[in-house]
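Have a look at the structure below before the remarks.
The values are calculated or read from the model by the stated rules, or taken from the named source; none is laboratory data. Keep in mind that this is a model prediction, so the values were computed, not measured. Here Cβ is always computed from backbone atoms with ideal geometry, including for glycine, and neighbour counts include all displayed protein chains.
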Amino acid sequence: MNTLPAVKGILFDLDGVLFVSSTPIEGAIQAIADIRASGIPCRFVTNTSTLSLSSLHQKISRLGFAIPEHEIISAPQATQLYLKGLKDPVCRFLLADDVKKDFGGFRQSDTEADHIIVGDIGDAWSYQLLNEVFSCLVRGAKLIAIHKNRFWQTEHGLQMDIGGFIDGLEYASGTKAMIIGKPSIDFFQIALNHMGLNAHEVAMVGDDIDVDIGGAQNAGLKGILVRTGKYRQSYAEQSAVIPDLTIDSVAELPGQLNKQS
């Protein structure tokens, strides 16, 4: 498809679409400024679980993007909302230290948790940690994954994400994790509700053909794939997902939007 289906709102992934690590994608800053100035509602949805919402907003601002904090919807935020809806859960948070700050109001235990919340913890993974979580799961604790991404793009290239660890814990314990972030339909619905738009009126812009594009399409949105970040042509060609539109980078998006006006 060479033209963008008419949309009234846009969801943007962050890492890999607007920037990679600490480097903005060429033309992305101006593209976002132009789209927001046009009056099209935007939300910035991310599975990133290494930074608190405040720290994430500060990073985006330092990179030069004029995006208000209230337009950012992260998987950790959605996880907080879910946990607040439970009856005083006892949690173990396998999260980056900065993200843990957003979860300080919950009861916590390393051995008696009834909910294990897993996000990005980098090199902290070990057999001992996996077995501690496994022990809680076989005793009835529920596994909550902030996301289940296979890999992500860094300044050093592709790196394994937490999806493999989640798969391993599910297999060993015979349980199934609850996935909070993309590609969860519930996560996309949170963003849609935030904008006050219906799924068929909104497009998702992402670099992950399965999580971003496939997840969005399953939720009823249009999917726009960018050839930046973790995008790899061979991987995209193997996927069963067919994007509604594929562009070289988000810098091309304002021009596509002009074609529909």
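Couple of notes before you dig in:
- Counted residues, segment 168-199 - those being in a helix (DSSP H, G or I) and more than 13 Å from the chain's Cα centre (by Cα): 12
- For residue 92: the one exception among (1) out of contact with any strand residue (DSSP E or B) (no Cβ under 6 Å at 6 or more places or on another chain); (2) at pLDDT 95 or above: (1)
- A single entry from 181, 229 fulfils the requirement of being surrounded by 15 or more Cβ atoms within 10 Å (Cβ to Cβ), in contact with a Pro (Cβ under 9 Å, 6 or more places away or on another chain), of a type in the set (Gly, Ala, Ser) and farther than 21 Å from residue 36 by Cα: 181.
- Filter result for residue 164 (assigned to a helix (DSSP H, G or I), surrounded by fewer than 18 Cβ atoms within 10 Å (Cβ to Cβ) and without any contact (Cβ under 8 Å) to a residue 24 or more places away in the chain): yes
- Restricting segment 95-129 to residues that are closer than 19 Å to residue 170 by Cα, out of contact with any strand residue (DSSP E or B) (no Cβ under 6 Å at 6 or more places or on another chain) and touching a residue at least 40 places away in the same chain (Cβ under 8 Å) leaves a set whose member that is surrounded by the fewest Cβ atoms within 10 Å (Cβ to Cβ) is 125.
- Taken as a whole, segment 239-246 holds no residue that is surrounded by 24 or more Cβ atoms within 10 Å (Cβ to Cβ) and either under 20 Å from residue 31 (Cα atoms) or in contact with a Ser or Thr (Cβ under 8 Å, 6 or more places away or on another chain) (or both).
- Of all residues in segment 131-147, those being under 16 Å from the mean Cα position of the chain (by Cα) and in contact (Cβ under 8 Å) with a residue 40 or more places away in the chain number 3.
- The set of residues in segment 53-89 that are at pLDDT 90 or above, more than 18 Å from residue 11 (Cβ to Cβ) and of a type in the set (Gly, Ala, Ser) comprises 54, 55, 61, 64.
Matching residues to (1) in contact with a Lys or Arg (Cβ under 9 Å, 6 or more places away or on another chain); (2) under 21 Å from residue 76 (Cα atoms):
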| position | (1), (2) |
| --- | --- |
| 191 | yes, yes |
| 205 | no, yes |
| 208 | yes, yes |
| 212 | yes, yes |
| 217 | no, no |
| 255 | no, no |
| 259 | no, no |
